[in-house]
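Notes follow the structure.
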Amino acid sequence: MKRLNRKITMMILPLGLVVLAIGCSSAVPTDTPGIDQLGKSILRQEGPEVDVVLGYKFARGTIGNEWLILEMAISSPAKTSAKIDRENVWVKAPDGTKIPAATQKLFGQAYPQLRKVIAAADIARDPLEYFPPSRRPCLVQFFVPPGAGVAYDTVSVNDRRACQGRLYFKIPGGIDPGRWTFGIDLEESTVRIPFEL
């Protein structure tokens, strides 16, 4: 009987730890419904088509610069998939101006001047591994340094893939401090993540 009780306890204990780990999320709700704070400069929005994690640590130190650089990780909830088109990714400045993600051509032209900034962003970025490890990693490859490969205008995600990538926005007049909004327009829903710079 003791042996049986020990076996049952050993089987139940890992299950309890899993439940405890799931219940103890480090996400903190923000003043925007549906947006959680995962770290000082990391926000998450879970939606019907995509779950998005946005990192803006490097961007916080670039007020006045002409290029806004954001980090994004994206996947889909269970039994769903989505296609994200570059032309439907944008930011809204504090003055209300909507700025689309840069084209690969514009990024390529600016790349010689951006190299040092990109190197600094590589060091300052926060890791965005917030999806289950069972999801196959992939790249959001909207932007590629000249001669380093092929850039794509779309990325497809589903509940078996978690993609990451850096996003670039050319900001006319430079980055202003204040409340920005990151947006993606999808087929049936939208992503709207406000963040402060």
**Message:** As I understand it, the value is the acute angle between the Cα axis of helix 104-124 and the longest principal axis of the Cα atoms of the chain; what does it come to in degrees, rounded to 10?
**Reply:** 50 degrees
**Asked** Once you sort the root eigenvalues of the Cα gyration tensor of the range 111-197 as a ≥ b ≥ c, which label holds: rounded (a/c under 1.5), prolate (a/b larger than b/c) or oblate (the other case)?
**Response** oblate
**Value of Rg/Rh across the chain [Cα atoms, Kirkwood radius]** = 1.07
**Request:** Decide, for the range 39-92, between rounded, prolate and oblate: order the square roots of the alpha carbon gyration tensor eigenvalues as a ≥ b ≥ c, take rounded if a/c falls under 1.5, and otherwise choose prolate if a/b is larger than b/c, else oblate.
**Result:** oblate
**Request:** Enumerate the calculated ³J(HN,Hα) couplings along the range 188-197 in order (Karplus 6.51 cos²θ - 1.76 cosθ + 1.60, θ = phi - 60°), each rounded to whole Hz, writing x wherever the residue is Gly or Pro.
**Result:** 10, 7, 9, 10, 9, 10, x, 8, 9, 10
**Complete:** Other residues with Cβ under 11 Å from the Cβ of Phe107 give, with Lys and Arg +1 and Asp and Glu -1, a net charge of +4
**Message:** Just to check I understand the Karplus step: with θ = phi - 60° and J = 6.51 cos²θ - 1.76 cosθ + 1.60, what whole-Hz values come out for the range 43-55, glycine and proline as x?
**Reply:** 10, 9, 10, 9, x, x, 10, 9, 10, 10, 10, 10, x
**Asked** Which whole-number percent gives the relative contact order of the chain, counting Cα pairs below 8 Å spaced six or more residues apart?
**Response** 27 percent
**Prompt:** Taking the chain as a Gaussian network, Cα atoms linked when under 10 Å apart, which of Gly183, Gly47, Gly147 shows the biggest mean-square fluctuation?
**Reply:** Gly147
**Prompt:** Where does helix 2-23 land angle-wise versus the long Cα axis of the chain, in degrees 0 to 90, nearest 10?
**Reply:** 20 degrees
**Asked** Got a sec? Charge dipole of the range 26-196, +1 on Cβ for Lys and Arg, -1 for Asp and Glu; which of Ala148, Thr97, Gly39 is way out at the positive end?
**Response** Ala148
**Asked** How large is the dipole of the range 26-196 about the Cα centre if only Lys and Arg carry +1 and Asp and Glu carry -1, each at its Cβ, rounded to the nearest 20 debye?
**Response** 480 debye
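Each reported figure results from applying straightforward, stated rules to the coordinates on display, with no laboratory input. The model shown is predicted, which means the values in this text are computed figures rather than measured ones. Here Cβ is always computed from backbone atoms with ideal geometry, including for glycine, and neighbour counts include all displayed protein chains.
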